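Taking it in order: structure first as structure tokens, then the write-up.
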Amino acid sequence: LSGIEVLYFDGRTSRGEFARLHIDVQARLFLEVGDHRASFPLADVAISSRLGNTPRVFQFPDGSRAETRDNDAVDRLLGDSYKGSWIHRLEFDRRIVVGSVIALVVLMWGMIELGVPWAANRLAHAIPPAADKTISEQTLAILDDRLLEPTRLSEEHQDRLRRVFDRMADGIDDRHDFRLEFRSSSAIGPNAFALPSGTILMLDGLVEIAEHDEEVHAVLAHEIGHVVGRHGLRSVLQDSAVVLLIGAITGDVVSTSSLASALPVVLVETRFSREFEQEADLFALDLMRREDIPPRRFHELLSRIEEVGGGDDALPGFLSTHPATEERGRKFVE
Ligand SMILES: [Zn+2]
């Protein structure tokens, strides 16, 4: 193998040195500068294409490069090696395979990270209000049966909170019938839940910790945000990606009974995503401003729950899903 003459630049000094390049049958490119030898896989060397009489440049992976004006010699050198080296072709094929696998993994990741939430959002919004109602009634029945007891709040206190809730709900352009329901629970800490139908479940524990009705209003505004964002159903759907895929393929919305059996668990035991919480927070901020409720009320309540502690309840309270973080505090100051 004869190789070709090139002018070599080591990348550190601007002075060029004469060097020889040749390529072996295994598609390795050898460089000889004086008594210094280096070799690189040909595939790792960027070689500029032939363009008139401009010099051909070999860019090596170590940052050095070589040039020559002898275009024909370069073509001969490359032609021999490409023709002669089946190993090079194999190498090339392997790159295609590896590249395809990487592309596939990225695609699947994209489907899971972006596609599933997207589909869940579409499906959640496609579920008709009548189905929302059925799902919510079944969910409430399950919760009533297993975890909830009647409220101990006075009628007067309930009415007082309901008046503001109804006023907040009235101004919202949404197809749901917003309703406020009170319950108590010895099993669940101070908490509140949003059902897809627009029913908000408020637990006595949370009302009792509040020192001002406006703190309860703040939580109600946040929960209304969860209804409008359809966060409950979206969470259930996102968690059941397989069901979702089947639904997307068959064009069939997932059965209401399967959603109704999954929703109580999602509401009581798991937390909404950070993104959903932020959405509900922003919605609440807007609603509170409209109702002249000082935004800090939300943070004041959360901080108090944090101080008092949720007790040693078996199931998490509002705080576990809504920590009184600094970030939240900053958002909810006037
Ligand atoms: Zn929330």
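The values are calculated or read from the model by the stated rules, or taken from the named source; none is laboratory data. Please read all numbers here as calculations on a predicted model, not as lab measurements. As a convention, Cβ positions derive from the backbone with ideal geometry for all residues, glycine included, and neighbour counts pool all protein chains shown. Side chains included, ligands, DNA and RNA excluded: accessible areas come from the protein's heavy atoms. Shrake-Rupley method; radii C 1.70, N 1.55, O 1.52, S 1.80 Å.
Out of everything in segment 195-216 that is part of a strand (DSSP E or B) and open to solvent by less than 10 Å² (accessible area, probe 1.4 Å), what residue ends up being farthest from A130 (Cα to Cα)?
Only one residue tops the list, namely L203.
For (1) open to solvent by less than 60 Å² (accessible area, probe 1.4 Å); (2) modelled with pLDDT of 90 or more, each residue gets a yes or a no:
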{"position": "G3", "(1), (2)": "yes, no"}
{"position": "Y8", "(1), (2)": "yes, yes"}
{"position": "T13", "(1), (2)": "no, no"}
{"position": "A19", "(1), (2)": "yes, yes"}
{"position": "I23", "(1), (2)": "yes, no"}
{"position": "A27", "(1), (2)": "yes, no"}
{"position": "H36", "(1), (2)": "no, no"}
{"position": "F40", "(1), (2)": "yes, yes"}
{"position": "V45", "(1), (2)": "yes, yes"}
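If we keep just the residues of segment 302-334 that are more than 28 Å from the chain's Cα centre (by Cα) and at pLDDT 75 or above, which is most open to solvent (accessible area, probe 1.4 Å)?
Filtering segment 302-334 for residues that are more than 28 Å from the chain's Cα centre (by Cα) and at pLDDT 75 or above, the one most open to solvent (accessible area, probe 1.4 Å) comes out as E307.
Is it the case that R230 is of a type in the set (K, R) and within 16 Å of the ligand (Cβ to nearest atom)?
Judged against the criteria, R230 is a match.
Taking segment 174-183 only, how many residues are of a type in the set (K, R) and part of a strand (DSSP E or B)?
Total meeting the criteria: 2.
For segment 282-296, what are the residues that are open to solvent by 40 Å² or more (accessible area, probe 1.4 Å) and assigned to a helix (DSSP H, G or I)?
L282, F283, D286, R289, R290, R296
So in segment 233-285, with the set limited to residues that are more than 16 Å from the ligand (Cβ to nearest atom) and of a type in the set (D, E, K, R), which one is modelled with the highest pLDDT?
Here the answer is D239.
Are there any pairs with C-beta distances below 8 angstrom linking a residue in segment 190-208 that is without any contact (Cβ under 8 Å) to a residue 60 or more places away in the chain and charged (D, E, K, R) to a residue that is open to solvent by 10 Å² or more (accessible area, probe 1.4 Å) and in a helix (DSSP H, G or I), with the two at least 6 apart or on different chains, and if so which?
Qualifying pairs under 8 Å: none.
Any idea how many residues of segment 3-28 are in a strand (DSSP E or B) and touching a residue at least 40 places away in the same chain (Cβ under 8 Å)?
Residues meeting the conditions: 10.
Based on this model, can you work out whether G225 counts as under 26 Å from the mean Cα position of the chain (by Cα), away from the ligand (no atom under 11 Å from the Cβ) and crowded, with 22+ Cβ neighbours inside 10 Å?
For G225, the condition - under 26 Å from the mean Cα position of the chain (by Cα), away from the ligand (no atom under 11 Å from the Cβ) and crowded, with 22+ Cβ neighbours inside 10 Å - is not met.
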